[in-house]
Amino acid sequence: MIDISTIDYSVLDRREILMFLFHPRPEWGVGGREKTALDVLIPVEDDVSVGGRFHMAQRSAPNILFFHGNGEIAADYDEISRFYMSCGVSFWVVDYRGYGRSTGKPSFSRMFTDAEAVFHDIKAVEKISKGFFDRVLVMGRSLGSASAIFLAAAHPQGVDALLLDSPFADGPALIRRIGGPHLNADTLSGQDNIDRIKGVHQPCLILHGTRDWLIPVSDADALYAACPSREKKLVKIHGAGHNDLLMMGLDRYFAEIKALVKTITEDRCQSPSGN
């Protein structure tokens with residue numbers, strides 16, 4: 001397991017980097033919130049709470065804890081949440097500090113401590129929703145892949161599967177591509193996504209577009225190769241870029257998620273003898 005107290009991402013918490021990594025915006029009103037949605041605030045620090053939106057599929061079902069991209073908020077997933085629930089899972093989208101209903105200011109280092117706090121407060125969401133999560137999956141899109149990979153590696157017994165949408169492997173290279181300063185290749189040595197995923201042995205699904213110029217599909221190839229899981233799959237959506245993965249491959253995208261959910265659910269039901 002990862003000792004969170006040993007993580008030092010302060011090198012990325014400089015203003016000239018954060019201005020490129022995070023693009024926070026508030027949530028105004030309730031928008032198109034689905035009837036199944038519950039707003040949740042999780043205290044992560046004194047006077048700081050992280051907000052999110054929970055969409056329940058059933059009273060007892062697997063739950064996906066989802067970390068979105070750097071230009072999104074939880075409310076952006078209101079309409080698409082029904083596709084996740086159709087896969088037989090509840091869907092909990094979590095914001096970063098300063099995003100949506102969250103307070104505080106976002107930082108790279110706090111992104112991980114907040115993810116840890118949210119993960120440990122899953123029971124609070126069960127209580128609020130009056131449900132029970134028989135399996136917990138973590139999923140990250142783009143920047144959110146860092147939080148998801150971190151939790152999967154840190155909690156091998158508590159996280160049942162890892163799902164990644166357009167993930168990055170090399171943090172310094174991503175920062176350079178989005179306009180930030182050039183960092184040494186070893187800036188995140190041992191703590192980058194490509195390093196963290198080496199500790200992921202749970203089932204892992206990676207979805208990536210072949211025409212993603214922001215985070216090239218070669219990052220997905222590298223993460224897939226580095227992941228030691230015996231149950232891993234890389235799905236490439238032909239012709240899709242970074243922000244149109246669902247538009248280009250909606251059916252395939254959710255068919256793969258549904259198949260993974262079915263697999264881990266069936267594993268739970270099997271007896272030790274396999275009958």
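The values are calculated or read from the model by the stated rules, or taken from the named source; none is laboratory data. None of the values given here were measured: they were computed from a predicted structure. In this analysis, Cβ positions are derived from the backbone assuming ideal geometry, glycine residues included, and neighbour counts consider all displayed protein chains. These accessible areas exclude ligands, DNA and RNA; they are computed on the full protein's heavy atoms, side chains included. Shrake-Rupley method; radii C 1.70, N 1.55, O 1.52, S 1.80 Å.
Longer than 18 Å from Cα to Cα, which of K130/K262; K198/K258; K123/K258; K123/K198; K198/K232 are they? Say none if no pair is.
Among K130/K262; K198/K258; K123/K258; K123/K198; K198/K232, the Cα-Cα distance tops 18 Å for K130/K262; K198/K258; K123/K258; K123/K198.
Taking H as built 1.01 Å from N, whose amide H comes closer than 5 Å to the amide H of V136, not counting residues under 5 places away?
Those lying under 5 Å, H to H, from V136 are N63, D160.
Excluding ligands, DNA and RNA, what is the solvent-accessible area per residue of region 153-275 at a probe of 1.4 Å, expressed in Å²?
So region 153-275 comes to 48 Å² accessible per residue, rounded to a whole number.
Given R₀ = 30 Å, what would the calculated FRET efficiency be for R15 paired with H238, taking r from the Cβ atoms and rounding to 0.05?
The formula returns an efficiency of 0.15 here.
At q = 0.14, 0.23, 0.24, 0.28 Å⁻¹, what log₁₀ I(q)/I(0) does region 205-261 have when each alpha carbon counts as one equal point scatterer in the Debye sum?
Log10 I(q)/I(0), no solvent term: -0.36, -0.90, -0.95, -1.13.
Size of the dipole of the chain about the Cα centre, Lys and Arg at +1 and Asp and Glu at -1 on the beta carbon, nothing else charged, in debye to 20?
Roughly 540 debye, rounded to the nearest 20.
Find, among the trypsin sites (Lys or Arg not before Pro) in region 113-196, those assigned to loop by DSSP (not H, G, I, E, B) with at most 15 other beta-carbon atoms within 10 angstrom.
K130
Taking DSSP loops as anything outside H, G, I, E and B, show the longest stretch in the chain free of chymotrypsin sites (Phe, Trp or Tyr not before Pro) there with at most 13 other beta carbons within 10 Å.
The reported range is 29-212.
Distance from the Cα centre of region 135-149 to that of region 187-206, in angstrom?
Centre-to-centre (Cα) distance: 11 Å.
Take every DSSP beta bridge with both residues inside the chain and express the antiparallel ones as a percent of the total, to the nearest 5.
Antiparallel: roughly 30 percent of the beta bridges in the chain.
Write down Rg/Rh for region 181-236, rounded to two decimals, with Rg from the C-alpha atoms and Rh from the Kirkwood relation over Cα pairs.
Expressed as Rg/Rh, it is 1.01.
Where the accessible area of the chain is counted over protein heavy atoms with a 1.4 Å probe, how much of it, in %, is carbon and sulfur?
The computed percentage sits at 52.
Tally Lys/Arg at +1 and Asp/Glu at -1 over every other residue whose Cβ is under 11 Å from the Cβ of N193; what's the total?
-2
How many percent of DSSP beta bridges within region 31-155 run antiparallel, rounded to 5?
50
Quickly estimate the mean residue ellipticity at 222 nm for the chain, helices only: each DSSP H run with n ≥ 4 gives -39500 (n - 2.57), and the total goes over all residues, rounded to 500.
-9500 deg cm²/dmol
Using a 7 Å offset from Cα along Cα-Cβ at A259, what residues in region 199-224 end up with backbone N under 13 Å from the label point?
204-207
Starting from the eigenvalues of the Cα gyration tensor, five times each then square-rooted, give me the equivalent ellipsoid semi-axes of region 52-182, largest first, whole Å.
In descending order the semi-axes read 25, 15, 14 Å.
So what is log10(I(q)/I(0)) for region 166-211 at q = 0.16, 0.20, 0.24, 0.29 1/Å, when the Debye sum runs over its Cα atoms only?
With no solvent term, the Cα-only Debye profile gives -0.53, -0.76, -0.94, -1.08.
Distance in nm between label sites at R25 and L250, each 7 Å beyond Cα in the beta-carbon direction?
Placing both labels 7 Å beyond Cα along the Cβ direction yields 2.2 nm.
Short version: what are the Cα gyration tensor semi-axes of region 106-234, square root of 5 times each eigenvalue, largest first, in whole Å?
Taking √(5λ) for each eigenvalue gives 26, 17, 13 Å, largest first.
How long is the chain along each principal axis, judged by its Cα atoms, biggest number first, in Å?
For the chain, the Cα spread along each principal axis is 53, 41, 38 Å.
What residue among D134, D251, D46 shows peak mean-square fluctuation when the chain is described by a Gaussian network model with Cα springs under 10 Å?
Ranking D134, D251, D46 by mean-square fluctuation puts D46 first.
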